[in-house]
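Heads up, the thing below is written out as structure tokens.
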Amino acid sequence: MSSFNNIREVLSDVEDVNLYNYDETNIHDDPGVKKVVVPCRAKRVERVQNHSRTSMSLMVCESANGDLLPPMVVYKAQNLYENWKIGGPAETVYASSSSGWFDMNLFEEWFFHILLPHIERTRAPNAATIVVGDNPASHFSPNVIAACKEKQMYMTPFPANATHLMQPLDVAVFGPMKRKWRGDS
């Protein structure tokens, strides 16, 4: 309980416009739905798929006052093709990686091309900024840490193995979105 009291004390002087939450999630083109429609007397059911089971990662960030920053999309691919960038939200940053997940370089690209410019445009001079998110070591490069110190930004992680309960974007956005995509609700 004391760690929650500590965070309450730190957050008491931070305006909602300067409190951010970021999260990364992976999306597949196959929602994994188990229900199928077949003729009523069918003895054998086959699943026909018209897709390749591709995936992509999304980095989403929002401030406590409701400002939604442009997302970053990372495709699982060796190359990033121009037609993959068509039709997305304005100012979205696109990239690719062999795993389809964010690594240190891609997190750094998100940080310096999306998060930091937004913070510098919107916060008052000398106002502290807190950015809360998951804590993969791959997210924190020396460049990101140095920029946070210089810009009075505090990156703080959620406790390990608790993000599914405490991560606002997981609980309120990605969880319901994925349940709907799978047809669970």
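The values are calculated or read from the model by the stated rules, or taken from the named source; none is laboratory data. What you are looking at is a predicted structure, and each value in this text was computed from that prediction instead of being measured. So basically every Cβ, Gly included, is an ideal-geometry build from the backbone, and we count neighbours across all protein chains shown.
Brief remarks follow.
- For F102, the requirement of being within 15 Å of the chain's Cα centre (by Cα), surrounded by 13 or more Cβ atoms within 10 Å (Cβ to Cβ) and in contact (Cβ under 8 Å) with a residue 40 or more places away in the chain is met.
- Only one of the numbered conditions (1) outside any helix (DSSP H, G or I); (2) in contact with a strand residue (DSSP E or B) (Cβ under 7 Å, 6 or more places away or on another chain) is not met by W110, and that is (1).
- Scanning segment 104-129 for residues that are out of contact with any Asp or Glu (no Cβ under 9 Å at 6 or more places or on another chain) and modelled with pLDDT under 90 yields P125, N126.
- In segment 65-79, the residues that are farther than 14 Å from T54 by Cα and of a type in the set (A, V, I, L, M, F, W, C): L68, L69, M72
- Only one of the listed residues (N143, N126) is over 18 Å from Y20 (Cβ atoms), free of Cβ contacts under 8 Å to residues at least 40 places away in the same chain and not small (G, A, S). That residue is N143.
- Taken residue by residue, segment 139-159 has at least one member that is touching a helix residue (DSSP H, G or I) at 6+ places or on another chain (Cβ under 8 Å), over 20 Å from G66 (Cβ atoms), of a type in the set (V, I, T) and in a helix (DSSP H, G or I).
- Looking only at residues in segment 107-158 that are polar (S, T, N, Q) and over 19 Å from the mean Cα position of the chain (by Cα), the one that is farthest from S57 (Cα to Cα) is N126.
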